[in-house]
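Participant: The following block contains the structure, expressed as structure tokens.
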Amino acid sequence: MSTETNQIKYKATDFKSAAEPRWCPGCEDYAILKAVQTAMAKIGRPTHEHAVVSGIGCSSRFPYYMSTYGFHTIHGRALPIATGLKLSNPELAVWVVTGDGDGMSIGGNHLIHALRRNSDLNILLFNNRIYGLTKGQYSPTSVKGMVNKTAPYGTIETPVDPLGLAIESGATFIAQISATYVKELVDVLIEAYNHKGTSFVHIYQNCYIYNNGAFDGFTNREIRDDNNVKVEHGKPLIFGKELNKGLVMGYGKFDIVEFEPNKIPDNIVIYDETDPVLIKMIKDLEFPDSPVPMGIIKRVEAPIFEDVVREQITMAKDKFKPDLKKLIEAGDTWEVK
Amino acid sequence: MTVEKQVELNEVDTITVKFAGDSGDGIQLTGDQFGNTTAFAGNDFATFPDFPSEIRAPLGTTYGVSSYQIQFAAKDIYTPGDTPEVLVCFNPAALKVNLDVVNKGGLIIVNEDEFTDKNLKKAGFDGNPLDPTSETLKDFRVHKIPITTLTLQALDEMDMGHGDKLRCKNFLALGVVSWLFSRPLEPIEKFLNKKFGKKPQVLEANLKVLHAGFNICDTMEIFPIMYKVPPAKLEPGTYRNINGSLATSYGLLVASQKIDIPIVFSGYPITPASEILHTLAALKQFDVAAIQTEDEIAAVTMALGAAYAGKLGITGSSGPGIALKVEAINLAVMTELPLIIFDFMRSGISTGMPTKTEQGDLLMSLYGRPSDSYLIVLAPSSASDCFWISIEAVRLATKYMTPVIVLSEGFLINSSEPWKIPDIDNIPEMKAPFRINPEGYLPYKRNKETLARDWVKIGTPGLEHTIGGLEKTNETGNITQDPENHDLMTRLRYEKTQKVGNDIPDIEIIGDKDADLLLVGWGSTLGSMRAAMEVVQASGKKVAMINIRYLNPLPKNLGDILRSFKKVVVVELNLGHLNMIIRSKFMIDTAFLGRVTGQPIPVTEMIEFINKELDSLKEH
Ligand SMILES: Cc1ncc(C[n+]2csc(CCOP(=O)(O)OP(=O)(O)O)c2C)c(N)n1
Ligand code: SF4
Ligand SMILES: [Mg+2]
């Protein structure tokens with residue numbers, strides 16, 4: 001399929017269902033919905049070749065708003081369901097929509113194992129650092145000390161580090177982006193689709209009602225360029241409104257240096273999405289002292305779960321002719337006359 | 001075989017033999033091999049392997065005793081026997097735990113080498129029961145054989161380690177019992193050749209020991225008696241030995257072929273359900289994806305994802321794992337997908353007694369889910385019936401688009417019986433009911449006869465739709481909270497399972513249709529009920545019985561059958577699940593015999609119960 005004909009073929013609205021989205025006005029889930037539909041139009045495959053599987057949460061209402069195949073499942077379990085689906089029909093493009101609670105609390109175990117299993121799924125984790133659907137309890141990503149319905153005196157636990165979790169679980173594709181970066185989000189989604197293996201896309205998504213402004217410090221248009229660093233394979237790690245800041249190698253971490261715009265020093269690190277050391281260092285950047293990385297953090301190739309399952313079946317078929325009669329009549333038999 | 005000595009040949013109809021020893025003694029293998037020679041000799045038989053949940057319990061302890069019981073007969077038999085007439089003990093602990101179960105006057109063969117002070121103490125004996133002065137074994141005919149010494153002697157010339165030599169001793173015992181029951185050694189030799197063909201030394205050693213065991217019985221005149229059980233009059237045909245775990249797996253493979261849809265079986269290891277996962281994982285050539293997942297929830301949901309995609313999505317577990325699957329099963333009920341769940345029931349509650357059997361999950365399968373949630377529940381009644389139940393589960397799940405729970409049992413998985421191999425060409429094809437025509441498609445539009453919605457292979461052009469756990473409008477599938485619609489959908493989901501009642505066979509009464517007393521059971525109790533019934537009948541009394549294989553919906557003629565008897569006796573390995581259902585559904589009085597010992601109900605106990613109930617009928 002050439003991209004040229006694809007562009008003529010599909011519009012974002014082709015991936016829109018007739019159902020009216022029911023998210024709160026101002027919710028960033030709308031922006032992600034639009035981005036996914038735009039990405040699918042660009043990818044250029046028809047609606048019936050996509051399936052969107054979700055768990056439970058505001059974010060997980062997603063499939064109802066898509067004109068593709070969809071399965072709105074149960075809390076935390078979208079991943080194994082999607083794996084069963086992909087395993088059964090590897091031709092499908094399978095997308096998983098999950099929330100911070102759905103994917104990292106109740107479904108945390110499945111996330112670890114899905115990432116190391118490396119089925120060709122595209123996981124979109126909407127992180128609003130709160131439980132939206134159940135009306136504002138803390139989530140495993142809520143900032144320590146956050147005051148909310150279930151933590152009137154502030155939360156006690158250390159939040160989960162989504163990128164760290166993904167790295168340690170052996171994810172083969174990890175990206176991080178904010179719902180406010182509309183164009184970049186679309187690009188990341190297309191790259192996630194193109195990646196063969198599990199793609200983990202961590203999306204900062206503002207919950208307008210229960211955790212409004214949670215990401216303002218680094219997503220607000222006014223200041224975001226000084227607080228985000230765009231991560232791109234083969235490109236220098238530079239940021240700032242004037243593109244006058246960059247990351248250099250420090251002692252086990254990146255140091256930030258400033259320079260004159262357009263005069264990028266030689267020691268600015270050129271990012272390599274396959275380098276385990278750089279991957280670890282970029283995820284260790286801690287806001288507000290450091291900028292938040294946005295883009296593709298990791299991309300490596302590894303055998304794909306469903307492909308290997310198929311291969312083993314083919315291997316077995318070559319080795320043993322699948323003869324049911326013979327199987328059932330195998331072993332010691334005897335005749336009764 | 002010629003027997004020249006003065007040995008009495010005792011021809012018997014049926015006999016029960018039990019092998020017992022440390023789990024490391026190879027008891028299960030010994031039992032299996034004896035079972036094979038039994039099959040070869042043309043007897044009907046039933047086996048009961050029973051082992052501790054510890055993999056290698058400390059040697060010589062009573063709780064580490066593993067055993068294998070087999071009843072074989074010249075006629076049809078239904079159970080592995082209550083109490084053995086012959087007990088083969090590999091150590092004092094095995095003797096200790098089995099003393100109470102051996103028939104008085106029964107024959108006990110012991111490996112006397114193992115009756116050392118240390119082992120006797122471990123087994124909890126005061127003194128040695130083999131001493132001529134001991135009273136412990138006075139009711140039995142005891143034969144002391146130095147199995148260990150004889151094994152080492154037989155292998156004296158072989159250049160192998162002491163431990164490797166000792167490992168052969170169960171084949172010495174097999175040689176001994178083969179002689180005792182006038183059994184040819186060929187089937188065991190064949191097995192050894194197959195198993196150790198690539199290890200000539202091990203093969204030679206085991207063969208040597210096997211023959212040594214056989215020959216010493218001839219030369220040493222250990223036994224004054226030999227037994228012969230003539231062949232049973234089984235239906236003509238080709239037979240093999242089958243256990244429930246193979247039968248279940250083979251049934252699934254046949255069903256998959258007959259409906260032409262590949263299997264995705266996902267499971268998380270748990271005793272005794274793992275067997276099916278092991279079996280299917282090794283049969284990938286039949287287009288089986290057998291996946292071990294991170295937990296039981298992933299197992300059931302992965303299977304559900306496969307069912308959604310258009311594959312045979314199957315999962316299996318036991319009590320603790322089934323509990324974890326409940327929410328996902330309800331998603332399958334809600335989305336009306338043909339998920340198949342095997343529950344290999346074991347003794348509960350909680351971790352309970354993992355290697356022992358029970359029928360404690362019936363009420364859970366029928367009612368143990370939030371809200372009004374109904375699905376099909378089936379139960380195999382014997383090891384070989386597991387084959388047919390698997391096929392039936394696939395047929396009904398896909399035809400009615402509903403989950404099916406198969407209530408199987410630990411006992412059925414492990415026990416084996418002769419099986420007349422069916423001609424699979426004669427098993428009817430099934431139709432894969434996939435929708436491909438987009439015209440007029442609505443996700444929840446139903447087939448008028450079955451009330452099933454259409455099954456769509458995800459990826460089919462023009463049939464895009466979204467399903468999920470939220471309530472939806474009948475036909476269109478659009479989500480809604482309309483009160484009347486929810487009432488309608490709840491009823492439709494219920495009615496759909498009831499429609500299955502039109503599609504299943506009537507129950508057939510076994511025994512005396514004009515009896516006053518009817519025994520009612522399900523699952524594995526079929527065997528002991530039948531054995532008990534025949535004993536009572538032999539005493540001139542009339543008894544009838546039924547075994548219910550379809551537990552939801554119940555067969556249509558069940559009510560009429562129950563009402564046509566004066567007395568209904570329900571038999572279960574629980575405290576009254578089916579009993580409660582029968583009483584509430586049909587409003588009849590019942591008597592109940594339920595045991596939860598982790599073992600099948602002894603036939604003698606059942607006979608007593610039946611006789612008591614028959615007597616009470618007379619008094620009225
Ligand atoms: C088994 C189960 N437990 C609890 C719930 C209630 N519940 C629904 S969504 C949710 C949390 C959702 O939070 P998140 O995944 O962050 O999604 P968001 O709504 O924020 O998008 C909870 C606890 C449920 N539906 N199922
Ligand atoms: S509660 Fe928050 S996350 Fe949910 S729809 Fe409203 S704004 Fe969005
Ligand atoms: Mg959330």
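The values are calculated or read from the model by the stated rules, or taken from the named source; none is laboratory data. Keep in mind the model is a prediction, meaning the values are calculated, not measured. Glycine also receives a Cβ, built like all others from the backbone with ideal geometry; neighbour counts cover every protein chain displayed. These area figures cover heavy atoms from the full protein model, side chains too; ligands, DNA and RNA do not enter into them. Shrake-Rupley method; radii C 1.70, N 1.55, O 1.52, S 1.80 Å.
Participant: Regarding segment B:194-244, what are the three Cα extents along the principal axes, ordered largest first, in Å?
Facilitator: 39, 39, 19
Participant: Here is a further query. By DSSP, what percent of the beta bridges with both residues in the protein assembly as shown are antiparallel, rounded to the nearest 5?
Facilitator: Counting only bridges with both partners in the protein assembly as shown, antiparallel ones make up about 35 percent.
Participant: Just the accessible area per residue of the protein assembly as shown, please: how many Å² with a 1.4 Å probe?
Facilitator: 41 Å²
Participant: Another one. Tally the DSSP beta bridges in segment A:1-119 and give the antiparallel ones as a percent, rounded to 5.
Facilitator: Close to 10 percent.
Participant: Could you tally the net charge around B:TYR494, taking each other residue with its Cβ under 14 Å from the Cβ of B:TYR494, Lys/Arg +1 and Asp/Glu -1?
Facilitator: +2
Participant: Taking the Cα atoms of chain A, report the difference between the largest and smallest coordinate on each principal axis, in whole Å and largest first.
Facilitator: 95, 49, 47
Participant: Given the convex hull of the Cα atoms of segment B:240-426, what is a quarter of its surface area in nm²?
Facilitator: In nm², the orientation-averaged hull projection of segment B:240-426 is 9.5.
Participant: Ok, one more. For segment B:27-144, state the average projected area of the convex hull of the C-alpha atoms over all orientations, rounded to one decimal in nm².
Facilitator: 7.7 nm²
Participant: Got a sec to turn the phi values of segment B:403-414 into Karplus ³J(HN,Hα) couplings, 6.51 cos²θ - 1.76 cosθ + 1.60 with θ = phi - 60°, whole Hz, x for Gly and Pro?
Facilitator: 3J(HN,Hα) across segment B:403-414, in whole Hz: x, 10, 9, 9, 8, 9, 9, x, 4, 5, 4, 8.
Participant: Trypsin sites (Lys or Arg not before Pro) within segment A:140-215: which are DSSP loop residues with at most 15 other Cβ atoms inside 10 Å?
Facilitator: For trypsin sites (Lys or Arg not before Pro) across segment A:140-215 that sit outside H, G, I, E and B with at most 15 neighbouring Cβ atoms in 10 Å, the list reads A:LYS144, A:LYS149, A:LYS196.
Participant: Name the residues whose placed amide hydrogens come within less than 5 Å of the amide hydrogen of A:THR198, ignoring near sequence neighbours (fewer than 5 apart) on the same chain.
Facilitator: Counting only residues 5 or more places away or on other chains, the set is A:ASN118, A:SER119, A:LEU121, A:THR172.
Participant: Once amide H atoms are built 1.01 Å from N in the peptide plane, which residues 5 or more positions from B:VAL570, or in another chain, come under 5 Å H to H?
Facilitator: Residues meeting the amide H criterion: B:VAL520, B:ALA591, B:PHE592, B:LEU593.
Participant: How big is D for segment B:92-228, in µm² s⁻¹ as a whole number, if Stokes-Einstein is applied with the Kirkwood radius of its Cα pairs at 10 °C and 1.306 mPa s?
Facilitator: After rounding, the answer is 98 µm²/s.
Participant: Can you give me the % of accessible surface on the protein assembly as shown that is carbon or sulfur? Probe 1.4 Å, all protein chains present, nothing else counted.
Facilitator: 52 percent
Participant: Something else now. Buried accessible area for the A:B pair, summed, 1.4 Å probe, in Å² rounded to 100?
Facilitator: For chain A against chain B, roughly 5100 Å² becomes buried.
Participant: On to the next question. PRE reach from B:LEU166 (point 7 Å along Cα→Cβ): which of segment B:22-36 fall under 19 Å by backbone N?
Facilitator: Under 19 Å, as judged by backbone N against the label point of B:LEU166, lie B:22-30 of segment B:22-36.
Participant: To the nearest 500 deg cm²/dmol, what mean residue ellipticity at 222 nm is calculated for chain B from DSSP H runs of n ≥ 4 alone, each contributing -39,500 (n - 2.57), summed and divided by the residues?
Facilitator: Roughly -11500 deg cm²/dmol at 222 nm, from the helical runs in chain B.
Participant: Separate question: Sorting B:ASP506, B:ASP218 by accessible area (1.4 Å probe), largest first, what list results?
Facilitator: Sorted descending by solvent-accessible area, the residues read B:ASP506, B:ASP218.
Participant: While we're on this one: Please report, in Å, the Rg and the Dmax of segment B:510-619, where both are computed over Cα atoms only.
Facilitator: 12.8, 36
Participant: Let me ask something else about it. Do me a favour and compute the ellipsoid semi-axes for segment A:148-289 from its Cα gyration tensor, root of five times each eigenvalue, largest one first, whole Å.
Facilitator: Sorted largest first and rounded, they come to 26, 20, 17 Å.
Participant: In chain A, which longest range has no chymotrypsin sites (Phe, Trp or Tyr not before Pro) that are both DSSP loop (not H, G, I, E or B) and surrounded by at most 12 other Cβ atoms within 10 Å?
Facilitator: A:1-152
Participant: Report ³J(HN,Hα) in whole Hz for each residue of segment B:267-277, in order, from the Karplus equation J = 6.51 cos²θ - 1.76 cosθ + 1.60 where θ = phi - 60°; Gly and Pro get x.
Facilitator: Listing the rounded values in order: x, 10, x, 6, 6, x, 6, 4, 3, 5, 4 Hz.
Participant: Counting other C-beta atoms within 10 Å, and keeping those with at most 16, which DSSP coil trypsin sites (Lys or Arg not before Pro) do you find in segment B:437-511?
Facilitator: Hits after loop and neighbour filter: B:LYS445, B:LYS448.
Participant: Whose amide H sits under 5 Å from the amide H of B:LEU130, counting only residues 5 or more places off or on another chain, with H placed in the peptide plane?
Facilitator: Here the answer is none, since no amide H 5 or more places off falls under 5 Å of that of B:LEU130.
Participant: Would you mind estimating how fast chain B diffuses translationally, via Stokes-Einstein at 20 °C and 1.002 mPa s with the Kirkwood radius over Cα pairs, in µm²/s?
Facilitator: Translational D for this selection: 81 µm²/s.
Participant: In addition: With an 8 Å cut-off on Cα pairs and a minimum separation of 6 or more residues, tell me the relative contact order of segment B:8-228 in percent.
Facilitator: Result for segment B:8-228 is 21 percent.
Participant: Now for a different question. When the Karplus curve 6.51 cos²θ - 1.76 cosθ + 1.60 is applied with θ = phi - 60°, which whole-Hz ³J(HN,Hα) does each residue of segment B:76-81 get, with x for Gly and Pro?
Facilitator: Coupling constants for segment B:76-81: 5, 10, 10, 9, x, x Hz.
Participant: Taking the DSSP beta bridges in segment B:240-426 as the whole, what percent of them are antiparallel, to the nearest 5?
Facilitator: 20 percent
Participant: Then there's this: Considering only DSSP states other than H, G, I, E and B, which trypsin sites (Lys or Arg not before Pro) in segment B:1-75 qualify as loop sites with at most 14 other Cβ atoms within 10 Å?
Facilitator: Those that pass, being in a loop and sparsely packed, are B:LYS5, B:ARG56, B:LYS75.
Participant: Still on this model: Translational diffusion coefficient, Stokes-Einstein: compute it for the protein assembly as shown using the Kirkwood radius over C-alpha pairs as Rh, at 4 °C and 1.567 mPa s, and state it as an integer in µm² s⁻¹.
Facilitator: 41 µm²/s
Participant: Now a separate question. Please report, largest first and rounded to whole Å, the three semi-axes of the ellipsoid equivalent to segment A:31-91, where each semi-axis is the square root of five times an eigenvalue of the C-alpha gyration tensor.
Facilitator: 19, 16, 8
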